[in-house]
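Notes follow once the structure below has been shown.
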Amino acid sequence: MDVDAIMLARIQFAFTVTFHIIFPSFSIGLAAFIATLLVRWRITGEDHFHRLARFWTKIFAVSFAMGVVSGIVLSYQFGTNWAKFSEVAGNIVGPLLGYEVLTAFFLEATFLGIMLFGWQRVSPNLHVLSAILVAAGTSFSAFWILSANSWMQTPTGFEMKDGVAYPVSWLEIIFNPSFPYRFAHMFTAAYLTTSVVVLSVGARYLVQGRFLEEAKTMIRMGLGMVAILAPLQLLIGDAHGLNTAEHQPVKVAAMEAHWDGNKPGELLLFAWPDAQAETNHFEIGIPHLASLIITHRYDGLFKGLKDFKAEERPPLLPVFFAFRAMVGIGLLLIAIGFVGAFLWWRRKLFETTWYLQPLTYAWPLGFIAIASGWWVTETGRQPYLVNGILKTIDAASPVSFGAVLTSLILFVLIYTSVFSMGILYINRLIEKGPQGKAISPEGDPDPSAGAHPLVAVQSATRSALGGKE
Amino acid sequence: MDTLAYVLPLIWAAILAAGVTLYVILDGFGLGLGILFHFERREDQRDIIMNTIAPFWDGNQTWLVLGGGGLLAAFPKAYGLVMSGLYIPIIVMLLALVFRGVAFEFRWVAKPRQEFWDLAFSWGALVATFSQGVVLGGLLQGLSTQDGRFAGGTFDWLTPFSLFCGLSLIAGYALLGTTWLIYKTDGDLQDWARDAAKIALLAMLAAMAIVSLWTPYSVPRIAERWFAWPNFLIFAPVPLLSLYAAWRCWHGIENIGKDAEPFVAAVALFLLGFVGLLISNVPYLVPGALTVWEAAAAPSSQLFMLVGTLFMLPIILGYTVFVYWTFRGKVRAGEGYH
């Protein structure tokens, strides 16, 4: 593969992975949310928890399907486009991904069947358990993926022989230095992302005056999570940043567009980094604040880009701007959580339109932040694919330019059309809202609904199929 | 070579072979149902066809991820070689599976305007099946390599033989799909499936016969193995058992009441075909290019994975069986969560 084909393969990987990350990060939080709803329904016996669980399960199914198909593509792309990566790092990354399949994929994919179709087939307890197992599967999956990715960022526990990495200590490989931070950061981000979606949908119903009981539950649960997780994420992100400064100083220098390691860093609110001229244009910044954040000292020094050779520096613009997008959204979420908690405390939460109205548009915030975060961390590792060991440019498959170009075009066309349809369908399900009759905690259809089990299912089916209630 | 480095690749080849076989059978009948979609135009019947597989397809498809992930973990060199050598059919398969997979959920939400997703489901299945057959054919005829890396052209795989393997697999999956329908449905739809199953069985038998002759004819290495004395005598049970399985399959299709028999016999046919492939290609992992030992990952990597696999695989098989048990019996109109 020549240089241009490698560029295309990089674009292809960036494109497919960015699309993919949206779905699992939503699934991780949503599976846990649905399991929580079902557990609360089992404890309280209140119908609306059950209606909500059923409603979000439909959305989960659509999102999960998109996550599965885009994930299969990724699991094969290591070979189709990055064959030398599999040769050099296969001994290490392979088993980590293998454990993901064994402990996570099968669990979530298999119990999803019961979660989706088991409402009348299995006992309520088993159904709740299935939802919990699906949620556990999505979390295990995140564990292994983050472990593999962290190892590519901060490789430890291996030795190189003839250009191939061999495992020495699996404990050191799995729990490599950046893994705990990355896992905590991503996991929290996934829960936060889903919480924002739930909060946003709740706000939408409340503003529209529909499904009021469900809406209030969603707002309380979503807001509660945002209010706790958003500030927590700031602390986790800070710890993650310290870890990155220690192990990948050039990435931090690029995130801050910090050129001169002999001067304290100022926190740039805006700048246009110029890699050629080795300086920034249009700087607006707060002196010493970057030093304070990264070293936790007012005059702290941290490495600048000039401390590294030009060919060892990552591309500046995507890292710099994606980092600002991520942090900006993080701060916005803290504000949303803080204001919401205050209104809740003053018992004005459900009446404050100026707060709820904008929230109806807030649902994509978490997704944008997560995609930005991945760009920061993945682009920030360049020019390396496995930090310090394997350069991206040396990792590609011997595949022709034409083949990669054709597949890239197909991926862009198919992904954008298929997945935008999917998002449209999710929106259609949300527009329709929670439907159908609830099931009582004993597992029989709610007697107050006065319907025979099969009739209840059929009417629910019909309504889901677009018929009139 | 020490014992561990000798034995581990063999164990892993066996695990992967089992995984790929499970995938071919489990997703095979799922893809077969998609192929049948082309011929069943009635919407309510299509709903039932879909619901016979809806609770299982996701778990079934995961065996494909195990195949890819397991190959990367246990045999990274083979993984890189196969994926880059068969780049186009693999990418086409993945994209077809995108359409097929999302159609399961999109179709219900899109109703009553679901035609596009019906097409996505059926064409996705057809194209994915064809690509898988082409991948198999491409592997059998061999990849050009240098130092264990792919050194051929983008379209090396494109031969009459690989295209025919693609068509053969369509017939094979259609047989799995029709016999699964016989097992899971009744009445009108089952009658229809019985008629379709006969055509699929005849097509698959013809395809198996042609591939069985064509392969040794075009790959001398395989001809030597099969037709050297006394090998042919030792291997003779494979074609004979295949004929027996085919007869039982036909018998089950014709006789109402034996609803599980055609599917079981069709699975047996696939297993026997797989044994034939093994006989032809042992000890190669990538036929003619890499043996299981040449392609193997470091013993410590294979050992680390093996511990988890031996622990997890029985659990996975256990809950897979449990889910099939939960959704046992005939599927009728109006079932499903939508």
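Per the listing A:Gly388, A:Gly328, the residue uniquely without any contact (Cβ under 8 Å) to a residue 12 or more places away in the chain, open to solvent by 30 Å² or more (accessible area, probe 1.4 Å) and small (Gly, Ala, Ser) is A:Gly328.
The helices (runs of 4 or more DSSP H) falling completely within the range B:228-323 that include 1 or more residues that are of a type in the set (A, V, I, L, M) and within 14 Å of chain A (Cβ to nearest Cβ) map to B:292-295. Kindly provide the set of residues from the range B:284-318 that are open to solvent by 50 Å² or more (accessible area, probe 1.4 Å), within 18 Å of B:Thr3 (Cα to Cα) and under 25 Å from the mean Cα position of the chain (by Cα), ordered by number. Matches in the range B:284-318: B:Trp293 only. You will find that of A:Arg42, A:Arg51, the residue that is under 23 Å from B:Thr326 (Cβ atoms), open to solvent by 10 Å² or more (accessible area, probe 1.4 Å) and of a type outside the set (Val, Ile, Thr) is A:Arg42 and no other. Within the range B:188-195, not a single residue is among the aromatic types (Phe, Trp, Tyr), open to solvent by 30 Å² or more (accessible area, probe 1.4 Å), part of a helix (DSSP H, G or I) and at pLDDT 95 or above. One residue stands out among those in the range A:417-433 that are touching a residue at least 40 places away in the same chain (Cβ under 8 Å), among the aliphatic types (A, V, I, L, M) and more than 7 Å from chain B (Cβ to nearest Cβ): the one that is nearest to B:Lys111 (Cα to Cα), which is A:Ile426. The range A:293-399 holds helices (runs of 4 or more DSSP H) entirely within its bounds, and those carrying 3 or more residues that are at pLDDT 90 or above and over 21 Å from A:Leu235 (Cα atoms) map to A:316-345, A:353-359.
This table checks each residue for (1) β-branched (Val, Ile, Thr); (2) open to solvent by 30 Å² or more (accessible area, probe 1.4 Å); (3) assigned to a helix (DSSP H, G or I).
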{"residue": "B:Leu4", "(1), (2), (3)": "no, yes, yes"}
{"residue": "B:Pro9", "(1), (2), (3)": "no, no, yes"}
{"residue": "B:Ala17", "(1), (2), (3)": "no, no, yes"}
{"residue": "B:Tyr23", "(1), (2), (3)": "no, no, yes"}
{"residue": "B:Gly28", "(1), (2), (3)": "no, no, yes"}
{"residue": "B:Leu31", "(1), (2), (3)": "no, no, yes"}
{"residue": "B:Gly34", "(1), (2), (3)": "no, no, yes"}
{"residue": "B:Phe39", "(1), (2), (3)": "no, yes, no"}
{"residue": "B:Ile48", "(1), (2), (3)": "yes, no, yes"}
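Checking each residue in the range B:83-98 for being more than 7 Å from chain A (Cβ to nearest Cβ) and assigned to a helix (DSSP H, G or I) picks out B:Gly85, B:Pro89, B:Val92, B:Met93, B:Ala96. Selection within the range A:99-118: residues that are at the interface with chain B (Cβ under 7 Å from one of its Cβ atoms) and within 22 Å of B:Leu72 (Cα to Cα). The member of this set that is surrounded by the fewest Cβ atoms within 10 Å (Cβ to Cβ) is A:Thr103. A:Arg51 falls short of the stated requirement of being farther than 27 Å from B:Val102 by Cβ and of a type in the set (Lys, Arg). Taking the stated definitions as given, is A:Thr416 polar (S, T, N, Q), open to solvent by less than 20 Å² (accessible area, probe 1.4 Å), at negative phi and touching a Phe, Trp or Tyr at 6+ places or on another chain (Cβ under 9 Å)? When the stated conditions are applied, A:Thr416 does not pass them.
In this structure, is B:Ala125 touching a residue at least 60 places away in the same chain (Cβ under 8 Å), more than 7 Å from chain A (Cβ to nearest Cβ), crowded, with 22+ Cβ neighbours inside 10 Å and among the small types (Gly, Ala, Ser)? Here the answer is yes, as B:Ala125 does meet what is asked. Among the residues of the range A:230-245, those identified as open to solvent by 20 Å² or more (accessible area, probe 1.4 Å) and in contact (Cβ under 8 Å) with a residue 12 or more places away in the chain are A:Pro231, A:Leu232, A:Gln233, A:Leu234, A:Ile236, A:Gly237, A:Asp238, A:Ala239, A:His240, A:Gly241, A:Leu242, A:Ala245. Here B:Ala110 meets each of (1) surrounded by fewer than 17 Cβ atoms within 10 Å (Cβ to Cβ); (2) under 30 Å from A:Tyr425 (Cβ atoms); (3) facing chain A (nearest Cβ under 9 Å) with one exception, condition (1).
The values are calculated or read from the model by the stated rules, or taken from the named source; none is laboratory data. Being a predicted model, the structure only gives us computed values, none of them experimental. Neighbour counts run over all protein chains shown; Cβ positions are idealised from the backbone, glycine included. Only protein heavy atoms, including side chains, enter the accessible area calculation; ligands, DNA and RNA are left aside. Shrake-Rupley method; radii C 1.70, N 1.55, O 1.52, S 1.80 Å.
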